[in-house]
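Colleague: Take a look at the following structure, please.
The values are calculated or read from the model by the stated rules, or taken from the named source; none is laboratory data. Quick caveat, the model's predicted, so the values are computed rather than measured. All Cβ positions, even for glycine, are placed from backbone atoms using ideal geometry, and neighbour counts span all protein chains on display. With ligands, DNA and RNA removed, areas are computed over all heavy atoms of the protein, side chains included. Shrake-Rupley method; radii C 1.70, N 1.55, O 1.52, S 1.80 Å.
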Amino acid sequence: MSKKLVQIFDTTLRDGEQVPGCKLNTNQKLTIAKQLDELGVDVIEAGFPISSPGDFNSVEEISKIVKNASVCGLSRAVKKDIEVAAESLKHAVLPRIHTGIGTSDSHIKFKFNSTREKILEKGFEAVKYAKKFVNDVEFYAEDAGRTDNNFLAKVCEKMIEAGATVLNIPDTTGYCLPDEYGNKIKFLIENVKNIDKAILSCHCHNDLGLATANSIAGALNGARQIECTINGIGERAGNTSLEEVVMIMKQHPQLNLDTKINSKLLYKTSQMVSESMGMPVQPNKAIVGANAFAHSSGIHQDGVIKNRETYEIINPFDVGVNESAIVLTARSGRAALAYRAKNIGFELTKNELDVVYAEFLKFADLRKEVKDEDIPIIIKKSNLKSTISL
Ligand code: KIV
Ligand code: ZN
């Protein structure tokens, strides 16, 4: 059975960049956009053009250089926003306008002081207006995670009628549980009459650490686009992390889902985004964190040295990391010490290793990590009677 293709909509340059401290200049955005295009994302959300002249300029410049992906600009359900978004996208090969409005009762009442009927009308008019400029119009039902499913189905139906090609179902507050979010997508697939004319998109936030699980649940229930960011950067606790959803689909073929992403570029892209934004990647971050392929306890190191797959479910090479790391600490075992010593040219016999290991533990207890350059010092201190030349 052929796998179902899930489109990857990257919003690093919009939802990611709106995080305090992560602002990028146009040149940095262009470099990242080029990398995202090479990575193989289907859509690059390049910014929110009406928000500032700088953002408008970035979307316009990105539109000129992106060769393969659609380039998308965000707007509210406001005519002026849509006009400005369209103008910023005029050079794009595949332009997309992303417009929408809050649909939960809380947004309708407190943000808009409006009614469901008026919101439906406003969304409809916005999509219709955006269609005058571009063919590809995505509608977001903000706070869909907390929107009543029957009303959400009405919203989707109406926006498809207006010409929306993609219906974005954001869990804006990161509140949903995976079952709940998956069932929401299933409900929409089963209850929106014209759903065959559009695709559903997952846009999940990570307030409860569930953004990745929710997005996968959405895709398993029929969504054909996932909105995500590199390193999971985004508002508050972040967005769905691109590298996580891509590798879940790759590592679990039984899900029958696939993307067009070249996973070998994931690590490089992660580093590029982290460096440009000045936002370090947490060391234990899945897939791209510094410790994602590092082993430091003796039991794990021994297992990995015998066979990498004992403690690794992903080949680091598949995400662009050169090799697994055997890190030497006071919790490391003899196997790790012998392995690292051998890598820098010291082949220790079993007896020699016993002696050097005792010295190593004394040394390691005094520091966080033992480096390659420390190994000859430890061997020298061990006073071996053998022929090892130092
Ligand atoms: O989280 C959200 O609801 C959004 C929309 C603007 C798409 O980012
Ligand atoms: Zn968002």
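Colleague: Can you tell which of 155, 134, 127 is away from ligand 1 (no atom under 16 Å from the Cβ) and either open to solvent by less than 10 Å² (accessible area, probe 1.4 Å) or under 16 Å from residue 98 (Cβ atoms) (or both)? Can you show your working first?
Modeller: Values: 155 fails: away from ligand 1 (no atom under 16 Å from the Cβ); 127 fails: away from ligand 1 (no atom under 16 Å from the Cβ).
Of the residues listed, the single one that is away from ligand 1 (no atom under 16 Å from the Cβ) and either open to solvent by less than 10 Å² (accessible area, probe 1.4 Å) or under 16 Å from residue 98 (Cβ atoms) (or both) is 134.
Colleague: Can you tell me which condition residue 193 does not meet? The list is (1) within 16 Å of ligand 2 (Cβ to nearest atom); (2) touching an Asp or Glu at 6+ places or on another chain (Cβ under 8 Å), and all the others hold.
Modeller: Only one criterion is unmet by residue 193, namely (1).
Colleague: May I pose another question? What's the number of the condition residue 300 fails, among (1) under 19 Å from the mean Cα position of the chain (by Cα); (2) surrounded by 15 or more Cβ atoms within 10 Å (Cβ to Cβ)?
Modeller: Unmet condition: (1).
Colleague: For the stretch 157-176, indicate whether the set of residues that are part of a helix (DSSP H, G or I), farther than 22 Å from residue 121 by Cα and at pLDDT 95 or above is non-empty. Step through it out loud before you land on a result.
Modeller: Residues of the stretch 157-176 that are part of a helix (DSSP H, G or I), as a first pass: 157-162.
Subset that is farther than 22 Å from residue 121 by Cα: none.
No, the conditions are met nowhere in the stretch 157-176.
Colleague: From the list 110, 139, which one is in a helix (DSSP H, G or I) and either open to solvent by 10 Å² or more (accessible area, probe 1.4 Å) or within 13 Å of ligand 1 (Cβ to nearest atom) (or both)? Steps first, please.
Modeller: Numbers: 139 fails: in a helix (DSSP H, G or I).
After ruling out the rest, the residue left standing is 110.
Colleague: Here's another thing I want to ask about it. Name the single residue that is farthest from the chain's Cα centre (by Cα) among those in the stretch 71-96 being of a type in the set (Val, Ile, Thr) and not in a helix (DSSP H, G or I). Talk me through it step by step, then tell me what you get.
Modeller: Going through the stretch 71-96, the residues of a type in the set (Val, Ile, Thr) turn out to be 71, 78, 82, 84, 93.
Okay, now just the ones that are also not in a helix (DSSP H, G or I), so 71, 78, 93.
Details: 71: 18, 78: 29, 93: 24 Å.
That would be 78.
Colleague: Which residue is surrounded by the fewest Cβ atoms within 10 Å (Cβ to Cβ), if the candidates are limited to the stretch 10-29 and must be more than 15 Å from residue 48 (Cα to Cα) and either without any contact (Cβ under 8 Å) to a residue 40 or more places away in the chain or within 13 Å of ligand 1 (Cβ to nearest atom) (or both)?
Modeller: Among those residues, the one meeting the criterion is 20.
Colleague: Can I ask one more? Kindly indicate the residue of the stretch 234-261 that is surrounded by fewer than 24 Cβ atoms within 10 Å (Cβ to Cβ) and within 15 Å of ligand 2 (Cβ to nearest atom) and also nearest to the chain's Cα centre (by Cα) among those meeting that condition.
Modeller: The qualifying residue nearest to the chain's Cα centre (by Cα) is 238.
Colleague: Another question, then. Quick check: is even one residue across the stretch 276-287 more than 16 Å from ligand 2 (Cβ to nearest atom), surrounded by fewer than 18 Cβ atoms within 10 Å (Cβ to Cβ), of a type in the set (A, V, I, L, M, F, W, C) and within 12 Å of the chain's Cα centre (by Cα)?
Modeller: Checked against the condition, which is being more than 16 Å from ligand 2 (Cβ to nearest atom), surrounded by fewer than 18 Cβ atoms within 10 Å (Cβ to Cβ), of a type in the set (A, V, I, L, M, F, W, C) and within 12 Å of the chain's Cα centre (by Cα), the stretch 276-287 yields at least one hit.
Colleague: Would the stretch 94-101 turn up any residue that is more than 16 Å from ligand 1 (Cβ to nearest atom), surrounded by 16 or more Cβ atoms within 10 Å (Cβ to Cβ) and more than 15 Å from residue 229 (Cα to Cα)?
Modeller: Of all residues in the stretch 94-101, those more than 16 Å from ligand 1 (Cβ to nearest atom) come to 94-95.
With surrounded by 16 or more Cβ atoms within 10 Å (Cβ to Cβ) added as a condition, the list becomes 94-95.
Filter once more, keeping what is more than 15 Å from residue 229 (Cα to Cα): 94-95.
Yes, the conditions are met somewhere in the stretch 94-101.
Colleague: If you scan the stretch 236-251, which residues turn out to be more than 12 Å from ligand 1 (Cβ to nearest atom) and closer than 20 Å to residue 35 by Cβ?
Modeller: Matches in the stretch 236-251: 241, 242, 243, 244, 245, 246, 247, 250.
Colleague: Output the residues belonging to the stretch 171-183 that are within 16 Å of ligand 2 (Cβ to nearest atom) and open to solvent by less than 10 Å² (accessible area, probe 1.4 Å).
Modeller: Residues of the stretch 171-183 that are within 16 Å of ligand 2 (Cβ to nearest atom), as a first pass: 171-176, 181.
Scanning the stretch 171-183 gives 171, 174, 176, 181.
Colleague: OK, next. Name the residue, out of 162, 198, 217, that is open to solvent by 10 Å² or more (accessible area, probe 1.4 Å), within 25 Å of residue 132 (Cα to Cα) and touching a residue at least 24 places away in the same chain (Cβ under 8 Å). Reasoning before the result, please.
Modeller: Numbers: 162 fails: open to solvent by 10 Å² or more (accessible area, probe 1.4 Å); 217 fails: within 25 Å of residue 132 (Cα to Cα).
Residue meeting the stated conditions: 198.
Colleague: Does residue 198 count as within 15 Å of ligand 1 (Cβ to nearest atom) and among the hydrophobic types (A, V, I, L, M, F, W, C)?
Modeller: Spelling it out, it is not the case that residue 198 is within 15 Å of ligand 1 (Cβ to nearest atom) and among the hydrophobic types (A, V, I, L, M, F, W, C).
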